[in-house]
Amino acid sequence: MTTAIFTQHSKEHSISITGHAGYSNLDPDIVCSACSVLACTLMQCVLCEEAVGNLKTLNTLEDNGNVNIRFVACDHAAVRMQSIVETIATGFAMLSHEYPDNVKLSVKTGER
């Protein structure tokens, strides 16, 4: 199962995407492919935003197909970064709705 956890506290975002969807034992696994596209898209968007100075901090880790991203958006880019994260989370929500045995989504927001 792929588990996507999106956590937000003010302008700080933490995203963890782990596991293999396991929809199909044969290649290609369409659900795992969809999760990978969403994770790679998020990573690329975050890296592009860092390159233009829209992030105060960024920590990323890609390990064996698992992705962990933690960043703090600059004030002027907070809404943009929120939109990017919400768009990717929406994709995971759609997948978890269609494939509940293969994709789990958790969204946590609020102040610490």
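May I ask you to derive the relative contact order of the chain, considering only C-alpha pairs under 8 Å and at least 6 residues apart, and to give it as an integer percent? Please list the in-between numbers first.
Details: 176 pairs, mean separation 43.5, N = 112.
Computed value for the chain: 39 percent relative contact order.
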Average projected area [Cα convex hull, the stretch 1-58], square nanometres: 4.4 nm²
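Place a +1 charge on the Cβ of each Lys and Arg in the chain and a -1 charge on the Cβ of each Asp and Glu, then give the dipole magnitude about the Cα centre in debye, rounded to the nearest 20.
Working: 7 positive and 12 negative charges, 74 e Å.
Dipole magnitude for the chain comes out near 360 debye.
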May I ask what percent, to the nearest 5, of DSSP beta bridges between residues of the stretch 1-111 are antiparallel? 75 percent
If you project the alpha carbons of the chain onto their three principal axes, what span does each projection cover, largest first, in Å? 44, 26, 19
Please give the Cα centre distance for the stretch 72-110 versus the stretch 44-68, rounded to the nearest Å. 15 Å
Residue by residue through the stretch 22-39, which ³J(HN,Hα) values in whole Hz follow from phi under the Karplus form 6.51 cos²θ - 1.76 cosθ + 1.60 (θ = phi - 60°), with glycine and proline marked x? x, 5, 9, 7, 9, 7, x, 8, 5, 6, 5, 4, 5, 4, 5, 4, 5, 5
Cα extents of the stretch 49-112 along the three principal axes, largest first, in whole Å? 38, 27, 25
When the helix-only estimate is applied to the chain (DSSP H runs of n ≥ 4, each -39,500 (n - 2.57), divided by the residue count), what is the mean residue ellipticity at 222 nm, nearest 500 deg cm²/dmol? -13500 deg cm²/dmol
Per residue of the stretch 59-68, in order, report the coupling 6.51 cos²θ - 1.76 cosθ + 1.60 (Karplus, θ = phi - 60°) as ³J(HN,Hα) in whole Hz, putting x for Gly and Pro. 10, 10, 8, 10, 9, 6, x, 8, 10, 10
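A short reminder: the numbers here are calculations on the coordinates, not readings from a lab. None of the values given here were measured: they were computed from a predicted structure. Ideal geometry is used to build each Cβ from the backbone, glycine not excepted, and the neighbour counts take in all protein chains shown.
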